[in-house]
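The values are calculated or read from the model by the stated rules, or taken from the named source; none is laboratory data. Remember, it's a predicted structure, so these values are computed and weren't measured experimentally. Don't worry about glycine lacking a Cβ; one is built from the backbone with ideal geometry, like all the others, and counts go over all protein chains shown. The protein model used for the area step is the full one, side chains on, heavy atoms only, and it has no ligands, DNA or RNA in it. Shrake-Rupley method; radii C 1.70, N 1.55, O 1.52, S 1.80 Å.
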Amino acid sequence: MLPKQHHSVIVVFACTLSLTVYAQKFTVSGSVRDKDTQESLIGATIFCPELKTGTTSNTYGFFSLTLNKKPSEFIVSFVGYQTQTIRWQGDSDFSINIDLSGEQLLETVEITGDRDDHPIRTTQIGAIKLPMSQIKSVPALLGEVDVLKVLQLLPGVQSGIEGSSGLYVRGGGPDQNLILLDGVPVYNAAHLFGFFSVFNADAINQVELIKGGFPARYGGRLSSVIDITMKEGNTKSLKAEGSIGLISSKITIDGPILKDKSSFIVSARRTYLDALARPFQRYIAGKGNKLGYYFYDLNAKVNHRFDERNRLLLSIYSGKDKAHSQDDQKAQYGDEIFTNQENYKLQWGNLTTAARWNSILTHNLFMNAAATYSFYRFNTHSQQTEKFTDKDTTIIESYAADYRSSIRDIGLKADFDYTPWPRHYIRFGGQAIRHIFSPGVIAVNSNVSIDTIAGVRAKNASEFSLYLEDDWEIARLLKVNLGLHNSWFAVDGQHYSSLQPRLAMRVMITSQLAWKSSYSWMTQYIHLLTNSGIGLPTDLWVPATKRVEPQRSTLFSTGLTLMLADKYELNVEAYDKVMLGVLEYQEGANYLDVTSDWQDKVVTGEGKSKGIEFFAHRKTGKISGWIGYTLSWNNRKFEELNEGKWFPYRYDRRHDVELVTSYKPAPMKDFALSWVFASGNAITMPRQTYNQPFEFKLWQIIDPVVHYGDRNSFRMKPYHRLDVSYTVRKKKKWGERSWTFSVYNLYNRKNPFFIQLSYDSYQHKQFKQYSLFPIIPSIAYAFKF
């Protein structure tokens, strides 16, 4: 049953779409691209100063601007590129492809009037776009630029634990983030047990984080959308860039297949921790032991323009982590020899592919149709072989166990952008996804017993969605975004549906100050079962079922946006979120127990999150960066846990502060620093222990009992850290090279990783804090030609 407050939203939305304007119109449409590479420029501004109105290019660089009066000219601009003034051609509609030059970077673009690309002009609230140049300038752990770690430095986003690339947005869990790579969901975005993300910054064109005011075109998650777009490749000339760091190296090559018509890009990254550790194996793991670990990423994309209206894009991402260990033991007693060998392997990885067709159907209707595929798998393999030999006998006993888990998506989608009038920007479309869940299977085989297979059978589920949204400028001072997202989910004969209204509005208080508010209703049909918060690959994806309902949330946010001198953006935003149907494992349950259904091992509850965020940002100039602050409260409640009382979520942090700045003292030199502070994580600790005697036959046994207080009622020490980096570049005959020197945790702060109950030398109980990363210097060499 649709809540009553939804009905008024639907009525207003329907009335909005019925509006038709009968007047002569003049339309200019086309694409905005980088002059040198022909990469689409996402979010470029097309502005008519005479009429003080404009639009922006979409994800594929397409724009359409329809006016009721023919202007003499319009202006095209994009941050970091030279502005172009285009004369209106003829007395009717026309199409044009605009190439902007980035040879001379501009700090600001001076345009008289209220440009649509200004954050104060849009209805979107809770969204942040970061230029890739700024992302690459942020100091990184071991010099490895990480997109998700940079997003952790934004208000409303928390990192979980030290070094992890996991994201906890406005009180939500990692499963509540919709991470899209070229429109395809990525289910596990972590390498090295969560310390690095799977995204290679050299292959990325744009990153956008949406944490509130969700447009109707997005659905399926509760807390955030991270929309990552890959580069398309250079159609003019062959280019290459790469870097060599302490733990990994990467290279990116792009260029034309058919000049000015088609292009390719290939980007690869691999760690060499296994190669570096090999000479020290004996000292690290001990005699007879072997350890190894590596990960790799491969991104590739092909872009072909059939004509100025039709384009085909094929993209693929493949990534894999592999950790392994081997322990060999040997003992000899006279003629008897006993050997024991234990092998353990852990592997996980992602594969995503997308085939997209872009078509400009009319001068004001754009279509993007796509077929997508996403596959995440996780495998463990353990094997033990014992061999006994003497003069006359050889006995071999072997045992092996494999644990496998995966989720697979096959999808079709179509999105349409329709701009019938400058005051209406309409988007509509739909999507169909076939989910294949394999929550976990253990296969055991042995040469001395019967082989067995145990676990939960694979489940198939179907998910469908339709959406419609209209970004409508009602008056110069008032603009609204009205949307509906309707979804359906079917699994094992159970059907769910959800009609989700979305509303966002912007009111101009002055030419530089705007007030924004939004309301979003979200539904999520998949869950993530996790034993810990460090993003281990053992986390399992499962669907909503008859017994476990979908997750749902409502989010209200409101705030002020201020622009100063076209250089500085300041935001203050408050939010309130309610979540239903969130999952937790029962006490003592874990993923390895496949003898029982996962539905018997979980409990469902609710969550509440509220907070205030402050964000000040400068994107360009000699000094750029941002300051962020978050004051928040995040709580959960489960009837079966903590006596049914509310308790702080594991990453509830009262205060979060982020300072990120980049300084260019000279054109070829960059200095950057980032400083973070966060209140301590909430944890559960024992309050007291006592000995409880009990009788067992003729003996009295003392059993130590540990008494815990309320769940997550203790706090770790605050977390804070300073990172710095210095980059110096130099032009060479063959291209450009650069050296980056960075230091992670400059003042060697011993931040808490976990706390354990232990004993001192006098057997007195004590809590001992363990830290993970001390001060870590690094150096990296990069090149491009």
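Go through K479/K622; K236/K619; K322/K717 and tell me which ones have a Cα-Cα distance over 31 Å in this structure.
Working: K479/K622 34 Å; K236/K619 28 Å; K322/K717 34 Å.
Cα-Cα > 31 Å for K479/K622; K322/K717; rest within.
Percent of alpha carbon pairs in region 133-229 separated by more than 19 Å? Walk me through the intermediate numbers first.
Working: 1681 of 4656 pairs.
So the pairs more than 19 Å apart make up 36 percent of the total in region 133-229.
Pairs of Cα atoms under 8 Å, at least six residues apart: use those to get the relative contact order of region 323-432, whole percent.
Working: 241 pairs, mean separation 26.5, N = 110.
Reported relative contact order: 24 percent.
Please state, rounded to one decimal and in Å, the Kirkwood hydrodynamic radius that region 38-95 gives when every pair of distinct Cα atoms enters the mean of 1/r. All intermediate terms of the calculation are to be shown ahead of the outcome.
Details: mean 1/r = 0.0831 Å⁻¹.
After inverting the pairwise mean of 1/r, the radius is 12.0 Å.
Could you sort out which of K320/K459; K567/K669; K149/K784; K413/K567; K35/K136; K69/K231 sit more than 29 Å apart by Cα distance in this structure?
On the way: K320/K459 24 Å; K567/K669 22 Å; K149/K784 24 Å; K413/K567 38 Å; K35/K136 22 Å; K69/K231 36 Å.
Those over the limit are K413/K567; K69/K231.
Between V572 and D392, what length in nm is gained on full extension when 0.36 nm per residue of separation is reduced by their alpha carbon distance?
Details: separation 180, 0.36 × 180 = 64.80 nm, distance 8.17 nm.
Taking 0.36 nm per residue and subtracting the Cα distance, the gain is 56.6 nm.
Could you check the spin-label model distance between A666 and R309? Points 7 Å from the Cα along Cα→Cβ, value in nm.
Between A666 and R309, the simple spin-label model gives 5.4 nm.
Multiply the residue gap between R547 and L361 by 0.36 nm, knock off their C-alpha separation, and tell me the result in nm, one decimal place.
Values: separation 186, 0.36 × 186 = 66.96 nm, distance 4.52 nm.
Stretched fully, the R547-L361 segment lengthens by 62.4 nm.
Using a Förster distance of 51 angstrom, determine the FRET efficiency expected from the C-beta separation of F754 and E73, and round it to 0.05. All intermediate terms of the calculation are to be shown ahead of the outcome.
Details: r = 62 Å, r/R0 = 1.22.
The pair F754/E73 has a calculated efficiency of 0.25.
If you count only protein heavy atoms with a 1.4 Å probe, what accessible area per residue comes out for region 352-418, rounded to a whole Å²? Write out the running numbers ahead of the final one.
On the way: 3050 Å² over 67 residues.
Per residue, region 352-418 has an accessible area of 46 Å².
Could you give the length gained by full extension between Y373 and K261, i.e. 0.36 nm per residue of separation minus their alpha carbon distance, to one decimal place?
On the way: separation 112, 0.36 × 112 = 40.32 nm, distance 2.60 nm.
Additional length available on full extension: 37.7 nm.
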